[in-house]
1. May I ask you to list the residues in region 139-181 that are of a type in the set (Phe, Trp, Tyr) and more than 14 Å from residue 20 (Cα to Cα)?
2. Please determine, by comparing only the residues of region 48-74 that are outside any helix (DSSP H, G or I) and in contact with a Ser or Thr (Cβ under 6 Å, 6 or more places away or on another chain), which one is nearest to residue 95 (Cα to Cα).
3. Just give me the residues in region 252-285 being modelled with pLDDT of 95 or more, over 18 Å from residue 199 (Cα atoms) and either charged (D, E, K, R) or in contact with a Phe, Trp or Tyr (Cβ under 6 Å, 6 or more places away or on another chain) (or both), in sequence order.
4. Which of the numbered conditions does residue 174 fail, given that it passes all the others? Conditions: (1) away from the ligand (no atom under 16 Å from the Cβ); (2) in a helix (DSSP H, G or I).
5. Does residue 98 qualify as being acidic (Asp, Glu), touching a helix residue (DSSP H, G or I) at 6+ places or on another chain (Cβ under 9 Å) and within 20 Å of residue 38 (Cα to Cα)?
6. Report whether or not residue 224 is more than 25 Å from residue 113 (Cβ to Cβ) and either within 17 Å of the chain's Cα centre (by Cα) or assigned to a helix (DSSP H, G or I) (or both).
7. Of the residues in region 183-242, how many are within 23 Å of residue 277 (Cβ to Cβ) and among the basic types (Lys, Arg)?
8. Is there a residue in region 131-148 that is polar (S, T, N, Q) and more than 18 Å from residue 275 (Cβ to Cβ)?
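The values are calculated or read from the model by the stated rules, or taken from the named source; none is laboratory data. Since the structure is predicted, the reported quantities are computational estimates derived from the model, not experimental observations. For neighbour counting, all protein chains shown are included, and Cβ atoms are generated from backbone atoms with ideal geometry for every residue, glycine included.
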Amino acid sequence: MMLLILLIFLAKAPATQSWGSEGHYITCKIAQPLLSEAAANAVQKLLPSSAEGDLASVCSWADTVRSIYPWSSSLHFANPPNVCNYDYTRDCHNTQGEKDMCVAGAINNYTSQLASYGDLSTAVPYNLAESLMFLSHLIGDIHQPLHLGFISDLGGNRITVQWYTEETNLHHVWDSKIINETLKEFYDLEVSAMIEDLQRNITGGWSDEVPTWDSCSKDSLSCIVRYASESISLACEWAYKDVTADAILGDDYFLSRLPIVEKRLAQGGVRLAATLNRIFSSGIDFSK
Ligand SMILES: [Zn+2]
């Protein structure tokens, strides 16, 4: 049984870069059981057959198409100047300065595209399976604090640190290292056990605040700006705090930052489900 679980884990959540694949997998696994019937049906219809109905299995797809869709690289993040707040007009652009080409703009765009699902009156000009896979991935990314990190250090990518004995960068610590260390230290590498703990917190310890996670219901962009603002605040308060170039990060950093990572993974999942539920419930026009 143990071997089977491990094989499933290895098959579904390979230990690769970039949140890392485990983070996206966790976010989508939390989201899918929270879908309404209408949203669950739409997701089933839109998923490629290779996903076998499992949204989490395609949650890192957007990272794998960066080379075939070079324009999509800037959609995974947004970098404010060295300030601890997010301003959509100032911060949402790619390196050429094209507006809306950032994680917040992309979430808004794919939300609008998916709102055309089931619209029989017009031919839908989008590949909605790709829209769904982008959206599911990017709602995860916007919750990783350093995807909203400073432009001067490319969200921590330019800050070399030592993670225990290994040289890496601060961005990668938040994408993957903290999650991988957690799986190793507390869950015997069983990602499903970590997901179950997060689900228990959503219905238990965090249940009082969970309704407030999704309290910006009808204006899609205001929700997205809120998620982005939270991330840069957390980046300042936790990710960058007390980290200098070549800092050695070990137990103190890991154990104090882990609760932030856990909550951001859970919030990403809950909000992905809430977003899909709003998109696929009838009567709300999300294109506005
Ligand atoms: Zn990404």
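1. 150, 163, 164
2. Among residues in region 48-74 that are outside any helix (DSSP H, G or I) and in contact with a Ser or Thr (Cβ under 6 Å, 6 or more places away or on another chain), the one nearest to residue 95 (Cα to Cα) is 66.
3. Matches in region 252-285: 252, 257.
4. The number of the failed condition is (1).
5. no
6. No.
7. The total comes to 3.
8. No, that holds for no residue.
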